[in-house]
1. If all Cα-Cα distances of the range A:121-165 are sorted into 10 Å bins from 0 onward, what percent lands in each bin, rounded to whole numbers?
2. Summarise the partner chain shielding of A:137-150 as one whole number: the mean count of Cβ atoms from other chains within 10 Å of each residue's Cβ.
3. Extending each Cα 7 Å along its Cβ direction at residue A:75 and residue B:27, get the distance between those two points in nm, one decimal.
4. Which ³J(HN,Hα) values in Hz, rounded to whole numbers, follow from the phi angles of the range A:69-76 under the Karplus curve 6.51 cos²θ - 1.76 cosθ + 1.60, where θ = phi - 60° and Gly and Pro get x?
Amino acid sequence: MNNPHHLNPTSLKSRFTTRFLRALTKIRAQKPISSSSPTEIFRRYRRIKVAADKSMAYSVRSRRIWSKAMLWKLRSRSYRRQDPCSGRRSGKTNQAIMKKSSNENTTTRREDGVGFVEEADELRQLVPGGETMNLCNLLDETAHYIKCLTTQVQVMKKIADFYSF
Amino acid sequence: MSRQRETSSNKITDDELNALILSLQTLLPQLDQSRHGRVSAAKVLNEICSYIRRLQNEVDGLSGRLSQRLDSMDLTGFDAEIVRDLLQQ
């Protein structure tokens, strides 16, 4: 799927790139007259980060549990007044929102006696929707999520480098 | 949400579990199987978590970079050509 020499127009990479560039164009068009203040750049950084996640989640659509979870969070997020000074949260802010909505946060703990329950729980915090997955799904979703993250990083890096002359 | 689901037939078998952990291990170059042989599942998951965090931080950093450069980016000619160029570099 990730053939660097022949661009498959329907590939995840290509879908993500198209969406993300489109989002960047919109964000750029939104800038106020007095731009480039630190606040404005911070706001833009936040929007770009959301755009990156959104572009990836929409490119994957609902085919994955994690992308479904991410889309759900992004949509419910857009109905809230965004507080731009809500501070940076490390990793995905989505986990906190998801946790609040999922009242049963105990049933997903698997007692399978294989000695990595803690590590699995940590992983659940990192993968969108992870708290609601059984172990099998969690591991499967993780692999796909990582592949998408690396694609995301690769494309964003190429764009940043491209415009860094 | 629903309680923990079992796989369609039974609880996940040890073999299935090992296969999933192994496939995650292949994503980690630092735990290359030809050099490390068997690695504990806990270690694999540990490394996976670090890897995910690192990737998420990279996205963070790149978003910052792009936010600084956004003004100077010429996105007006954006179409399939640019996309192709970008991905083929």
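1. 27, 36, 21, 14, 2
2. Working: counts 5, 2, 12, 3, 0, 9, 6, 0, 3, 7, 1, 1, 7, 4.
Mean inter-chain Cβ contacts per residue within 10 Å come to 4.
3. 2.5
4. The phi angles translate into 4, 5, 4, 4, 5, 5, 6, 5 Hz.
Rule-based calculations on the coordinates, nothing more; no lab input. No experiment lies behind these values; they were computed from the predicted model shown. In this analysis, Cβ positions are derived from the backbone assuming ideal geometry, glycine residues included, and neighbour counts consider all displayed protein chains.
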